[in-house]
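Right, one structure below, let's go through it.
The values are calculated or read from the model by the stated rules, or taken from the named source; none is laboratory data. Just so you know, these numbers come straight off a predicted model, no measurement behind them. Heads up, the Cβs are rebuilt from the backbone with ideal geometry, glycines too, and the neighbour counts pull from every protein chain shown.
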Amino acid sequence: MQAWWILPNRDQRDDILASDGETVLPLRQILDPKLRPEGFSHGVPSELLEKYRPHDTPQILFAQKFPGWNGSRDLFCLSSPAGEDSSGRVVHLGLLFILEPHERPRFDLSYTALPEDDQAFAKTLLHRMTAPGRYDLWARSVRELAERPPIDGPAVNVALERSAVRFDPLYAAGPHGPVRKAGILRRQTMSAVVFLILCAAAGAWLAERGCGQSAPPAVETGVSIWHLS
């Protein structure tokens, strides 16, 4: 696993900066713009920010997963608002993961080498991902996306309506945070029903086979068959 912090662009510079916890480099040197998957975002999309009141903005988390990016590796990106710049514009702190097959993002990362203004936001983000509160639906949606088995196309934790790229979302943006999409619930319910049916069928087959093997032997006398008890 390779992981980098994507630093907030507080000075509105041309280059977005990233850090592995020790050194700071332009993001383009880590993720070549020519190799960035279509729809990739290094911040929370504006359409999500517009759905919520300003005091709810710090709670928003946006995650993307691009399976099979650049060969067999997966690209996973997580973004969170990290305050505002001098003009009042929301800036974002991100985490970028490049994952080998079957790897999952780990959030036990160092942030002590980040700029002082960003360390508090990094600490909060890692705490939300490693020890999420019971009602932190945003963190739950990101963790579910991170643990989700590989799929055919790109996926996000919360649906986007204005994206030109078709993402497979786990949740929709509800009035008070992420709401699990009905289609996901139906698929999970159907999977559970199929699993229970298969278990019941297997149990019935084993029971029938067991009864057949344990039946007492028959003794033939003349034309009559007597079963010994």
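Values for this structure:
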quantity	calculated
Yes/no for Glu161 being modelled with pLDDT of 55 or more, within 23 Å of Ser41 (Cβ to Cβ), of a type in the set (D, E, K, R) and under 16 Å from the mean Cα position of the chain (by Cα)	no
So Glu22, is it exposed (fewer than 15 other Cβ atoms within 10 Å of the Cβ), part of a loop (DSSP other than H, G, I, E, B) and modelled with pLDDT of 90 or more	no
Residue among Leu125, Leu96, Leu137 that is assigned by TED's automatic domain parsing to the domain that holds Pro37, touching a helix residue (DSSP H, G or I) at 6+ places or on another chain (Cβ under 8 Å) and not β-branched (Val, Ile, Thr)	Leu96
Single residue of Ala139, Ala131, Ala122 found to be at pLDDT below 95 and within 28 Å of Arg73 (Cα to Cα)	Ala131
Residue within segment 83-91 that is free of Cβ contacts under 8 Å to residues at least 60 places away in the same chain, surrounded by 18 or more Cβ atoms within 10 Å (Cβ to Cβ) and not hydroxyl-bearing (Ser, Thr, Tyr) present	yes
Any hit, segment 65-87, residues being at pLDDT 95 or above and touching a Cys at 6+ places or on another chain (Cβ under 6 Å)	no
